Amino acid sequence: MMRADVEQLPSWMRTALYATGVMNLVAAIGFMPASSAMRETAGLPNDVHPLYLMTVALFVGLFGVGYLRAAMAGKAERLFITVAAFGKLGFFSLLVWYWGGDLLPLRAPVLGSADLAFSTLFFSWLLGSRASN
């Protein structure tokens, strides 16, 4: 028996979770202190204390594992997807904000637009699955 807050995922949502899971794991590697070339390519700052980089890498990686786990299970808790949707929208918004303040190059929010796309998919699933309940 499935808990009420855990819902089956349609195949398109599972595909989105697999894709963003892999994307997050690659991004987590990019935030590790030794990956300055990846951050430079993405237009992200490099003059950051290693503790902050590893903290970001940890959280991005943990979410990546969570996305992959949900995709493999074929079901997800609404709270997890809600946090994910707002997190991805928030990260993209920060990239746009700092680009607008001339603190990041345009390539940062352009590359980060994948997070906007996944956020949109997650919100779509949340609204659609709620409507069908």
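The values are calculated or read from the model by the stated rules, or taken from the named source; none is laboratory data. Bear in mind the structure is a predicted one, so any value in this text is a computation, not a measurement. Neighbour counts are summed over all protein chains in view; Cβ atoms, including those assigned to glycine, are modelled from backbone coordinates with ideal geometry.
Does region 77-85 contain any residue that is farther than 14 Å from ARG14 by Cα, exposed (fewer than 13 other Cβ atoms within 10 Å of the Cβ) and at pLDDT below 95? The answer is no; no qualifying residue exists. Please verify whether GLY90 is surrounded by fewer than 17 Cβ atoms within 10 Å (Cβ to Cβ), more than 16 Å from the chain's Cα centre (by Cα) and either charged (D, E, K, R) or more than 14 Å from ALA19 (Cα to Cα) (or both), treating the condition exactly as stated. So GLY90 fails the test.
Contact annotation: residue pairs with Cβ atoms under 6 Å, 6 or more positions apart or on different chains, pairing a residue in region 11-22 that is assigned to a helix (DSSP H, G or I) and surrounded by fewer than 16 Cβ atoms within 10 Å (Cβ to Cβ) with a partner that is at pLDDT 95 or above and not hydroxyl-bearing (Ser, Thr, Tyr), are TYR18/ALA71. Of all the residues in region 85-129, those that are free of Cβ contacts under 8 Å to residues at least 40 places away in the same chain, farther than 25 Å from ASN46 by Cα and not β-branched (Val, Ile, Thr) number 7.
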